[in-house]
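Please read the structure below before turning to the comments.
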Amino acid sequence: MNATSQDGPAWPGAQWPSDWLRATLGFLALRALEGGPSYGYAIIRELERHGLGAMKGGTLYPLLTRYETAGLVITEWRPGQAGPGRKYFAITEQGRAELDRLRADWTRFTDVSTSYLGARGPGKGNTA
């Protein structure tokens, strides 16, 4: 496992474990749309800019399509300035409610996980 810091992977070019990114990409994508409509490449760059590492469109786009089907995002094609048009995604009210729920769940999960990881010695934090 790679060493990491609070600001992202510990060295340039390092990546978070891919299973962590897959598990969190859904609510991170919704969070990226909280500031307004955006397109896939810009969402990926936003996540990278915040230290979450490189993601592939092949992972993000199917997720956004599922979110569109579920009513969490809506889409709009916009013409490109010098090239092809882009599909923009915008979070819906249902998507905002889901993001709020996921944000609260994530906070509880990380609190419990951090507490457990901080426990030292055999059996600490283990009630089984």
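The values are calculated or read from the model by the stated rules, or taken from the named source; none is laboratory data. These figures come from a predicted structure and were not determined experimentally. Reconstructed Cβ throughout: ideal geometry from the backbone, glycine too, with neighbour counts over all protein chains shown.
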Original post:
Just to be sure, is E76 charged (D, E, K, R) and under 17 Å from A42 (Cα atoms)?
Top reply: yes
Subject >> Residue list for the stretch 79-101, filter: touching a residue at least 24 places away in the same chain (Cβ under 8 Å) and over 17 Å from G35 (Cα atoms) >> reply: R86
Subject >> Top-ranked residue of the stretch 31-90 - restricted to ones that are aromatic (F, W, Y) and in a helix (DSSP H, G or I), ranked as nearest to R101 (Cα to Cα) >> reply: Y67
Original post:
Can you find a residue in the stretch 51-60 that is in contact (Cβ under 8 Å) with a residue 40 or more places away in the chain and among the charged types (D, E, K, R)?
Top reply: no
Subject >> Looking only at the stretch 40-57, and only at residues there that are in contact with a Phe, Trp or Tyr (Cβ under 8 Å, 6 or more places away or on another chain) and at pLDDT below 95, the one that is surrounded by the fewest Cβ atoms within 10 Å (Cβ to Cβ) >> reply: G57
Subject >> Identity of the residue in the stretch 13-30, among the aromatic types (F, W, Y) and closer than 21 Å to R101 by Cβ, that ends up surrounded by the most Cβ atoms within 10 Å (Cβ to Cβ) >> reply: F27
Original post:
Do we have any residue at all in the stretch 73-85 that's among the aliphatic types (A, V, I, L, M) and surrounded by 10 or more Cβ atoms within 10 Å (Cβ to Cβ)?
Top reply: yes
Original post:
Could you say whether any residue in the stretch 104-115 is in a strand (DSSP E or B) and closer than 27 Å to W16 by Cα?
Top reply: no
